[in-house]
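What follows is a short report on a single structure.
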Amino acid sequence: MVYVLQQTPPKHNRHTITTVLSQLSDLKVEKGQKINVGDIISDRTAERTKLQVKKQELSASLSRAILSLNELKPVPIPKFQTELQFKQTQIISLQTQLDKVDEELKQLTSVYSPYRGKVRSVKIVRQQESSIIAEVTLGI
């Protein structure tokens, strides 16, 4: 996920944005680059694409599971109940996974420039578990 940890109020025509990245390629600006209001500073494109593919796969699996549930033919009661319970459990599991992916996609936000200006510095502050914390300072 990309988080904006803090934004310092502009002073001396500078504005600093602290953001959390999962990999350095999530950072879309570099020192000296001119940017406009609304330009992307950081984005988790690779992770978003991966999650969207996973969502499509889960949706397709869920559709197949529901279809196969509807196609169950009555057979002797114990076997039918076992198949029915298995299919219902499978559908619940797929729906839970799909809901989790949807939630992760909602949390993947891009960070946009609030000002027009020039990137004065890009500084990697620290790494925290699997996250990279970076500061981008804009000259406005």
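Laboratory data are not the source of any read-out in this text; all were calculated from the coordinates shown. Everything numeric in this text was worked out from a predicted model, so none of it was measured. A quick note on method: Cβ atoms are made from the backbone with ideal geometry, for glycine too, and the neighbour counts reach across all protein chains shown.
Key figures for this structure:
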item	result
Neighbourhood charge, 13 Å Cβ-Cβ cut-off, centred on residue 54 and excluding it, Lys, Arg +1 and Asp, Glu -1	-2
Mean-position separation - Cα centroids, segment 23-39 and segment 84-140, in angstrom	17 Å
Estimated distance in nm for a label pair at residue 110 and residue 86, the labels positioned 7 Å out from Cα along Cα-to-Cβ	4.5 nm
Kirkwood Rh, angstrom, the chain [1 / mean 1/r, Cα pairs]	18.0 Å
Computed label-point distance, nm, for sites residue 130 and residue 46 using a 7 Å Cα→Cβ extension	1.2 nm
Environment charge of residue 39, counting only residues whose C-beta is closer than 14 Å and scoring Lys/Arg +1, Asp/Glu -1	+2
5 angstrom amide H check on residue 138, placed H, neighbours 5+ away	15, 16, 17, 120
For residue 117, net neighbour charge (Lys/Arg +1, Asp/Glu -1) across residues whose Cβ lies under 11 Å away	+4
Amide hydrogen neighbours beyond the local backbone of residue 28, cut-off 5 Å, H modeled	42, 43
Lysine pairs within segment 45-107, Cα separation less than 26 Å, 8 or more sequence positions apart or different chains	11
Relative exposure of 43, 99, 26, judged by other C-beta atoms within 10 Å (fewest first)	99, 43, 26
Listed residues 81, 23, 90, most fluctuating in the chain (Gaussian network, C-alpha, under 10 Å)	81
